[in-house]
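Any read-out appearing in this document is the output of simple, stated calculations on the displayed coordinates, not a laboratory observation. Predicted model, so just to flag it, every value in this text is computed and none were measured. As a convention, Cβ positions derive from the backbone with ideal geometry for all residues, glycine included, and neighbour counts pool all protein chains shown.
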Amino acid sequence: MAEHGSSARVLATMSAAALAALGATAPIARPAAAESPALLQCQGTETVAYRPGVLLRPRNIRITTSGRFGSCADGQGAVTGGSYEERFTIFAGCDDLLDGFHARRTFRWSTGDASVVDATGSSTALAGQIITTISGRVVQGRFLGRTAIQTITVPQPSAVRCLTMGLTSATGATTLSVT
């Protein structure tokens, strides 16, 4: 049996040498590597400002959203951080802040380029926090054609604040994955 194993090794070595002599290369078997589930993972903070403050009764509110990713990791080690900023006006009150929405969000990367995501989002109030999930496809720039999912968690406004001076700002954690 040992001789059969030796013959097989000699034959394999001779076959590889013959292929190399002919200019061909034999595929090298490599162990399967665990693939990363995401091309990009980021963590950071988002701040939202409401002017005038959001009250219980709906009215036009100017919203400024500013996000910073202080920590990002991509498969190539190129993107180390990022940011986004948006300004828009909505007609809303404290009870309307959880409505679903559709938007385009531009993420600017530490590399100097950007990604534009065509996304939909929705929010849920849970345990004193508002959790917003935004998901969509990258339609322009870095990671074109990939899926982006962002989650933002901010404190839920109290009823007292909605009845008095209004909600004027909120800051919380945000994560972003591009797959």
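Name the residues of region 141-176 whose amide N is less than 17 Å from a point 7 angstrom out from the Cα of ARG57 along the C-beta direction?
160-167
State log₁₀ I(q)/I(0) for region 68-179 at q = 0.23 Å⁻¹ as given by the Debye formula over alpha-carbon point scatterers of equal weight, solvent excluded.
-1.36
Between VAL139 and THR64, what is the FRET efficiency for a Förster distance of 25 Å, r being their Cβ-Cβ separation, to the nearest 0.05?
After rounding, the FRET efficiency stands at 0.60.
Determine ³J(HN,Hα), in whole Hz, for all residues of region 42-55 in sequence, where each value follows from phi through the Karplus function 6.51 cos²θ - 1.76 cosθ + 1.60 and θ = phi - 60°; x replaces Gly and Pro.
9, 10, x, 10, 10, 10, 10, 10, 10, 10, x, x, 7, 10
Against the 2.2 N^0.38 Å scaling, with N counting residues, where does region 134-179 land? I'd like the Cα-based Rg ratio to two decimal places.
Dividing the Cα Rg of region 134-179 by 2.2 N^0.38 Å gives 1.70.
Please list, in order along region 92-107, the HN-Hα scalar couplings obtained from phi with the Karplus expression 6.51 cos²θ - 1.76 cosθ + 1.60 (θ = phi - 60°), rounded to whole Hz, x for Gly and Pro.
So the Karplus estimates, Gly and Pro as x, are 7, x, 3, 6, 9, 5, 9, 5, x, 8, 10, 7, 10, 10, 9, 9 Hz.
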